[in-house]
Amino acid sequence: NAGVMQNPRHLVRRRGQEARLRCSPMKGHSHVYWYRQLPEEGLKFMVYLQKENIIDESGMPKERFSAEFPKEGPSILRIQQVVRGDSAAYFCASSPRYGQGEMDEQYFGPGTRLTVT
Amino acid sequence: GNSVTQMEGPVTLSEEAFLTINCTYTATGYPSLFWYVQYPGEGLQLLLKATKADDKGSNKGFEATYRKETTSFHLEKGSVQVSDSAVYFCALSALKAAGNKLTFGGGTRVLVKP
């Protein structure tokens, strides 16, 4: 059973370009979370999606950032007009379900390291 | 809101030494608590978890006990190895109607020397 897949692993963009980060959850998982890790910091929640639905985007910057998780295909985190401050590692995690009274573990991908020059 | 505070690193130890990484949290309700480990250039791996007060999570010689009275979840290992060198993150998750997003501490880098 393949784990969470993210691509690309490394992405370099010039200021003003667009960055697209992809995440394929583990087989059978329908919940996806995106986190951002700035250098030497912990991970910060960005957005939580289920298939075709954004459930919680309270951690997403209001401008330039968007996320989707279509019925078919990977989840996409899109950053428009990137700036140097967007340089970070972006991690995707998936879980099988949201359950009452029992925590569902999140399984993390290897991350995409975005560098904005 | 929810928050997690863990001791800053780096922590440098000799092989076979005792390791403790302190973690305290602030949360409403009854969160679940986790320790994740991140090896260089990799994603996070779940190390252990505890879902209710007084639970002890354990894995690979690591242990942590959910202490509600002190709102703590300190990580311990009795005898570290060089292969334990990594960054360790304490995290909490509080079930809400909108999922169980994780709130992380800032991470503690551990370096074990032979």
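Hey, any hits in segment B:75-86 for a residue that's modelled with pLDDT of 95 or more, part of a loop (DSSP other than H, G, I, E, B) and within 14 Å of chain A (Cβ to nearest Cβ)?
no
Across segment A:28-64, what is the total count of residues that are over 22 Å from A:Glu18 (Cα atoms), surrounded by 13 or more Cβ atoms within 10 Å (Cβ to Cβ) and small (Gly, Ala, Ser)?
Going through segment A:28-64 one residue at a time, the tally reaches 2.
Which members of segment B:65-84 meet the condition of being in contact (Cβ under 8 Å) with a residue 40 or more places away in the chain and either within 15 Å of B:Gly105 (Cβ to Cβ) or buried (at least 17 other Cβ atoms within 10 Å of the Cβ) (or both)?
B:Thr71, B:Ser72, B:Phe73, B:His74, B:Leu75, B:Lys77, B:Val80, B:Asp84
Would you check if B:Gly57 is touching a Lys or Arg at 6+ places or on another chain (Cβ under 7 Å) and among the small types (Gly, Ala, Ser)?
For B:Gly57, the condition - touching a Lys or Arg at 6+ places or on another chain (Cβ under 7 Å) and among the small types (Gly, Ala, Ser) - is met.
Whether any residue in segment A:41-55 is more than 22 Å from B:Leu44 (Cα to Cα), in a loop (DSSP other than H, G, I, E, B) and more than 13 Å from every other protein chain (Cβ to nearest Cβ) is what I want to check.
yes
Checking B:Tyr39 against (1) within 12 Å of chain A (Cβ to nearest Cβ); (2) modelled with pLDDT under 95; (3) surrounded by 14 or more Cβ atoms within 10 Å (Cβ to Cβ), which single condition isn't satisfied?
Single failed check for B:Tyr39: (3).
For every residue, the table says whether it meets (1) in a loop (DSSP other than H, G, I, E, B); (2) closer than 20 Å to A:Met46 by Cβ.
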{"residue": "B:Thr5", "(1), (2)": "no, no"}
{"residue": "B:Gly9", "(1), (2)": "yes, no"}
{"residue": "B:Val37", "(1), (2)": "no, no"}
{"residue": "B:Glu63", "(1), (2)": "no, no"}
{"residue": "B:Gly106", "(1), (2)": "yes, yes"}
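Can you tell me which of (1) under 24 Å from B:Ala50 (Cα atoms); (2) in a loop (DSSP other than H, G, I, E, B); (3) modelled with pLDDT of 90 or more is the one A:Gly101 doesn't meet?
Of (1) under 24 Å from B:Ala50 (Cα atoms); (2) in a loop (DSSP other than H, G, I, E, B); (3) modelled with pLDDT of 90 or more, only one is false for A:Gly101: (3).
The values are calculated or read from the model by the stated rules, or taken from the named source; none is laboratory data. In this text, all values refer to a predicted model and were calculated from it rather than measured experimentally. All Cβ positions, glycine included, derive from the backbone under ideal geometry; neighbour counts span all protein chains shown.
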